[in-house]
Amino acid sequence: MEIIPNTELAYMAGYLDGDGCINFPNYENRYIGVRINITSGDKQVLDKFSSWFGNKVRKTGGGKNRQLYQWSADGDRAQSILACLLPFLVMKRELAGLALSFTFDPYKDTTEEEKKLRLACKERSHEINRRVTIGA
């Protein structure tokens with residue numbers, strides 16, 4: 001990954017804080033992973049994420065008059081991105097910290113201890129997302 005100026009990292013962190021999602025999906029019931037999703041009507045912003053961090057911008061749903069786009073990253077890549085953005089995150093800082101506590105080995109099943117930790121992180125993420133969404 002090339003060196004990204006702090007001003008760009010701060011901008012991207014703000015965008016992730018506002019329009020993004022850090023979640024912990026189940027993969028084939030073998031383990032809980034980490035994913036970053038950002039959906040926006042502004043493709044240029046998502047193209048910026050794509051140019052700095054890789055992965056493609058895809059068209060997704062939208063209304064009659066507005067096309068939406070999505071950029072996402074999973075697993076190790078998501079963790080690397082979150083490590084870069086962590087100093088600048090506000091609303092999703094705790095979620096990023098949880099995501100960074102995971103270790104990944106796609107060729108090995110997750111241990112029971114790791115499954116419990118990841119499940120606890122997933123449950124905590126739901127609490128945080130509810131708090132962020134409703135402002136409680």
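Filtering the stretch 113-132 to residues that are over 16 Å from Ala96 (Cβ atoms) and not aliphatic (A, V, I, L, M) leaves Glu113, Glu114, Lys115, Lys116, Glu123, Arg130. Just one of the listed residues (Asp19, Asp105, Asp109) is touching a Ser or Thr at 6+ places or on another chain (Cβ under 7 Å), surrounded by fewer than 18 Cβ atoms within 10 Å (Cβ to Cβ) and at pLDDT below 90, and it is Asp19. For first residues located in the stretch 37-61 and closer than 22 Å to Pro25 by Cα, partners that are outside any strand (DSSP E or B) and of a type in the set (Lys, Arg) and lie 6+ apart or on another chain with Cβ distances below 9 Å form the pairs Ser50/Lys56; Phe53/Arg77; Gly54/Arg77; Asn55/Arg77; Val57/Lys43; Lys59/Lys43. The helices (runs of 4 or more DSSP H) found wholly in the stretch 1-88 and carrying at least 3 residues that are under 17 Å from Ser101 (Cβ atoms) occupy 75-85.
The values are calculated or read from the model by the stated rules, or taken from the named source; none is laboratory data. Only a predicted model underlies this, so the values are computations on that prediction, with no experimental measurement involved. Methodologically, a virtual Cβ is constructed for each residue, glycine included, from the backbone with ideal geometry; neighbour enumeration extends over all protein chains shown.
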